Amino acid sequence: MKPKILLAIIILLSILLFFSKMTGYLTFTSLNISIKEKKEATILLEYQPLITILQSEKIRAEVVNVGSVSFNETMTIRIYIYNVTIKLIAEYQDSSFVLNPGDRHDFSVTFTPTSTGTYYIEARAKYDGKVAQTWGRFDVIYPPPPVGAKIPVKIEPIYLPPEKVPSYIPTLVFLAPPKLEIYVRNVTASQRSETTVPILLKNFGERDAFDIRPFISIPKDLEFSLSPLNIPQLSSNETASFSLTIKIPEDFPIGLYQIVFEVSSNETKASSSFYLNVTKKLTDLTRELYEKILSVEFLLTQAKSRMYSLALKGMDVSKVNSTLEVASMHLELAKDYLKKKDFKACEENIRKANEEISQALLEMETLLLIRPRAYPVYLFVAIAVVVFVTILFLIILYKRKKGERPRLLREVEKESLVPTA
């Protein structure tokens, strides 16, 4: 390959790598080929489009899992009446239900109208932070008079112009903001020991919470560690866990201490407090170590629940699962040592189990980190620069080539310069 062509290739590759770094295009975190799981639902709605004021409208909504993963769904049916404006007059909510791929779940309600007019049905299903919905319309009229009945006064029905009667309701969805709740219980620990405090965080809002950061107010003489230090995303009705480990010095005063735990996200914040009861170091640590095992075991259960939730989102949690399996093994060893009254070995395995769970919590939140977006304008600029540099380089090569004498002429000149014998 000629040096000039090689130089051109190197320049083009350098430009592509530079703009890939700046814009996010052509950037791969790892070479991992996998099939992306699909989470999607659709709703089928069945009702009578025209009834009389003496009838009841029987509405049947069926949600179908048309994706490739299981999810937990909750169906809501709302009835609106249209009279210049749309007004909500009835709402029905079904209990939560787990749907596997291809499964169906129906929800039937009966609505009795109290007046004639145009009514709209909104069928809405929430499933794992996503929403599926559909709309229907039915009209309620007076029953026709019996055949041969005399009508004293002829009443002309009033029809709204077509442009004033919407054929559908705009599907604007106003989701409630994130609402975070913290669950933590009081703990008791002795001097010269470590205790693990599991802290649960749940999002009761309808929107996802992003960039959740914890804050803790604790007596200054207590050493502590907290994992994870950031939760990138917490979907609606999802739960995340924090592992708080507190190390109590030998000379720490005995007493009851209040600890405040607070989280702050992009839209909201929440706080909760609990009490740490510091006692004297006992000779028989059976009760204290048993409480520690229960706390770490509870934290392990919540970590597995979080792992399953991320797995349903299509994330690779194999490494997390291996870490939690190691933690589970240490917990079982701690239980065996506790039965043998080997308190030192029991405490050591509790500590190792807690470290593994903390590592797993950190790994799970790392999976939610999102690469910077690749903006189209950057792509156009990158393409324009590459094209410009390529054209400029070709022009330079062409001018240099044009300035040289023809190859045949150069060979003839060389032969003429060679002396004859």
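The values are calculated or read from the model by the stated rules, or taken from the named source; none is laboratory data. Predicted model only: the values in this text are computed from it and were never measured. FYI the Cβ positions are ideal-geometry reconstructions off the backbone, even for glycines, and counts take in every protein chain you see.
Of all residues in the range 98-126 being surrounded by fewer than 17 Cβ atoms within 10 Å (Cβ to Cβ) and in a loop (DSSP other than H, G, I, E, B), which is modelled with the lowest pLDDT? So, considering only residues that are surrounded by fewer than 17 Cβ atoms within 10 Å (Cβ to Cβ) and in a loop (DSSP other than H, G, I, E, B), the one modelled with the lowest pLDDT is 102.
All of (1) surrounded by 13 or more Cβ atoms within 10 Å (Cβ to Cβ); (2) at pLDDT below 85; (3) not β-branched (Val, Ile, Thr) hold for residue 160 with one exception: (1).
Under the condition of being surrounded by fewer than 20 Cβ atoms within 10 Å (Cβ to Cβ) and within 30 Å of residue 279 (Cα to Cα), the residues counted in the range 303-329 number 2. Restricting attention to the range 258-289 and to residues that are over 18 Å from residue 245 (Cβ atoms) and out of contact with any strand residue (DSSP E or B) (no Cβ under 8 Å at 6 or more places or on another chain), the residue that is surrounded by the most Cβ atoms within 10 Å (Cβ to Cβ) turns out to be 286. A single entry from 185, 192 fulfils the requirement of being touching a Lys or Arg at 6+ places or on another chain (Cβ under 8 Å) and either hydrophobic (A, V, I, L, M, F, W, C) or in contact (Cβ under 8 Å) with a residue 24 or more places away in the chain (or both): 192. Scanning the range 358-382 for residues that are surrounded by 12 or more Cβ atoms within 10 Å (Cβ to Cβ) and either assigned to a helix (DSSP H, G or I) or at pLDDT below 70 (or both) yields a count of 16.
Note on the range 167-187: residues that are more than 12 Å from residue 203 (Cβ to Cβ) and modelled with pLDDT of 75 or more amount to 5.
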